Amino acid sequence: MGAGSEILSYLIQTAISLFMLAVLLRFLLQLVRADFYNPISQFLVKATNPVVIPLRRILPGFGGLDLASLLLALVLQMLAIVTLLALHSLGVPSVIALVLWSVLSLVGLLVKIYFFALLAMIILSWVAPGSNNPAILLLYQITEPVMAPFRKLLPPMGGLDLSPILVFILINVIQIALRHMAMSIGLPPGLVMGI
């Protein structure tokens, strides 16, 4: 692969990945019922509305799930995979393989989002405890539904919350399982951002 095609591949993957990340964050924020009026939530809604709103006419939400955002993220991942395969001069897989690859990649990306959100929350609890920054409040709203069951298993000891250790172990187990599933269905390594 020449330098030009590698640069083009990188730029396309970055553009699609950033928009897909915005769509997935929008989905997560709606799933956990985060503050809609938070400036970051408003940015994500405004950035993704031009594509999500028309999709909602076709696929409305169900049971608190924003199915339009989820479908958009899946389609974006499929587009990214097909584009990168074409740039690498590889053949396009079957539709079933493409959907499986995309679903695995999205699950992997959601796991990475939680990994970095938890890591940020841990660091911010040391650096800026009790801060009312909109980003910190959103991080708390995203991570708290995952952290609450683990806090019941391992309550704070001596003022230290050790429950994130259990969550990081679970995240690593999920990532290992996703990598092995990806290999078993023939997903080319490095073509998707979640795994």
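The values are calculated or read from the model by the stated rules, or taken from the named source; none is laboratory data. Computed from a predicted model, the values in this text were never measured in an experiment. Cβ atoms come from the backbone with ideal geometry, glycine included; neighbour counts cover every protein chain shown.
Counting only residues that are surrounded by fewer than 16 Cβ atoms within 10 Å (Cβ to Cβ) and farther than 19 Å from residue 109 by Cα, which one in the stretch 162-177 is modelled with the lowest pLDDT? So, considering only residues that are surrounded by fewer than 16 Cβ atoms within 10 Å (Cβ to Cβ) and farther than 19 Å from residue 109 by Cα, the one modelled with the lowest pLDDT is 162.
What tally of residues in the stretch 103-143 results from selecting those that are free of Cβ contacts under 8 Å to residues at least 60 places away in the same chain, more than 19 Å from residue 182 (Cα to Cα) and of a type in the set (Val, Ile, Thr)?
Looking only at that region, the number is 5.
Exactly one residue among 193, 181, 157 is modelled with pLDDT of 85 or more, out of contact with any His (no Cβ under 7 Å at 6 or more places or on another chain) and aliphatic (A, V, I, L, M), and that residue is 181. For the stretch 47-54, the criterion of being in a helix (DSSP H, G or I), closer than 18 Å to residue 138 by Cβ and touching a Phe, Trp or Tyr at 6+ places or on another chain (Cβ under 9 Å) is satisfied by at least one residue. Residues considered: 45, 52, 95. Of these, the only one that is at pLDDT 85 or above, touching an Asp or Glu at 6+ places or on another chain (Cβ under 8 Å) and not small (Gly, Ala, Ser) is 52.
If you take the residues of the stretch 15-46 that are among the polar types (S, T, N, Q) and part of a helix (DSSP H, G or I), which of them is surrounded by the fewest Cβ atoms within 10 Å (Cβ to Cβ)? So, considering only residues that are among the polar types (S, T, N, Q) and part of a helix (DSSP H, G or I), the one surrounded by the fewest Cβ atoms within 10 Å (Cβ to Cβ) is 42. Which of the following residues is out of contact with any strand residue (DSSP E or B) (no Cβ under 6 Å at 6 or more places or on another chain), free of Cβ contacts under 8 Å to residues at least 40 places away in the same chain and within 24 Å of residue 179 (Cβ to Cβ): 65, 98, 55? Checking each option against the conditions leaves just 98. Among the residues of the stretch 141-161, those that are crowded, with 16+ Cβ neighbours inside 10 Å and either among the β-branched types (Val, Ile, Thr) or under 20 Å from residue 24 (Cα atoms) (or both) comprise 141, 142, 143, 146, 147.
Taking the stretch 90-190 as the region of interest, the helices (runs of 4 or more DSSP H) fully inside it that hold 2 or more residues being under 26 Å from residue 36 (Cβ atoms) are 95-127, 134-153.
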